[in-house]
Amino acid sequence: MKRLKVLLVDDEIMIREGFKRLFDWESHDCEVVGEAADGMEALAQIDTLRPDLVIMDINIPIMNGLKVIQVSRMKHPDMAFVIVSGYDDFSYCREALRLQITDYILKPVDYEEFGHCIDNLKISLFEKQLTQEEELETEERPIAAITRYLQEHLAEDISLNILSEEFHLNAQYISQLFKSEIGVGFLTYLTGIRMEKAKKLLLSTSLSVAEISERAGYSDYRVFTKFFKKHEGCTPSQFRRDFLDHNK
């Protein structure tokens, strides 16, 4: 997968510098290609640089971040946006979600959490690219078959060795496919889709955490809870409770 081009938008230069210096962009196959300090400058940079991802504060001068996203969506419907804000306000979150942003992260930024956000975005972009390519091609690429297998067998024990036996490919070769085709490692990809499965079940069903744990591929719900908290910043129960509280 190609290196992602990133635009940073924040009126505080220290925030922009923090993003550039404190996050390892190279290890996540990303490159910061530009910066902007206000909404109008952000729009101009978006049109000029055509970044894959825009990381933006809401409270910026001239035009706020949500308005910038709304306007940008008209010209660049596939562009990804991540909101980084000091406002833990559900009305902002709701509007941001309506605009189909990739994530909403609170300041001060937890760069490990932000790394998960970048990895999830790359997985999402890969899945979208794969769907588009499959519409044009009749011959399936190995990585497409492998990722489909993972989705269909998510509740089962899955490893590189199991995939190797299933697809008659070398385990190391499969590992390299994930890095070269998706941009993340096999375990990162597997954990990402398992967490997405778990979140959907938490929000759309009344299944217990233990039942959801099994459906997401974790036989021990305590291990599942540990992974979920590391990935999402809260326990599965808290994730479900926050959603229900916001939608009362």
Of all residues in segment 198-248 being among the polar types (S, T, N, Q) and closer than 20 Å to C117 by Cα, the one that is surrounded by the most Cβ atoms within 10 Å (Cβ to Cβ): T225
Report yes if some residue within segment 74-84 is outside any loop (DSSP other than H, G, I, E, B), among the aliphatic types (A, V, I, L, M), at pLDDT 85 or above and open to solvent by 50 Å² or more (accessible area, probe 1.4 Å); otherwise report no. yes
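Yes/no per residue for (1) assigned to a helix (DSSP H, G or I); (2) buried (at least 18 other Cβ atoms within 10 Å of the Cβ); (3) modelled with pLDDT of 90 or more:
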| position | (1), (2), (3) |
| --- | --- |
| M1 | no, no, no |
| K5 | no, no, yes |
| L8 | no, yes, yes |
| D11 | no, no, yes |
| M14 | yes, no, yes |
| K20 | yes, no, yes |
| E31 | no, no, yes |
| A42 | yes, yes, yes |
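Out of Y104, Y87, which single residue is at pLDDT below 85, touching a Ser or Thr at 6+ places or on another chain (Cβ under 8 Å) and within 22 Å of A37 (Cβ to Cβ)? Walk me through how you get there before you give the answer.
On the way: Y87 fails: touching a Ser or Thr at 6+ places or on another chain (Cβ under 8 Å).
Testing whether each residue is at pLDDT below 85, touching a Ser or Thr at 6+ places or on another chain (Cβ under 8 Å) and within 22 Å of A37 (Cβ to Cβ) leaves just Y104.
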Go through segment 8-59 and give me each residue that's in contact with a Pro (Cβ under 8 Å, 6 or more places away or on another chain) and aliphatic (A, V, I, L, M). V33, A37
Since R148 meets every condition but one in (1) open to solvent by 20 Å² or more (accessible area, probe 1.4 Å); (2) farther than 29 Å from R3 by Cα, which condition does it not meet? (2)
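The values are calculated or read from the model by the stated rules, or taken from the named source; none is laboratory data. All values reported here derive from a predicted model rather than from experimental measurement. Cβ sites come from the backbone with ideal geometry, for glycine too, and all protein chains shown count toward neighbours. All accessible areas refer to the heavy atoms of the entire protein, side chains included, with ligands and DNA or RNA removed. Shrake-Rupley method; radii C 1.70, N 1.55, O 1.52, S 1.80 Å.
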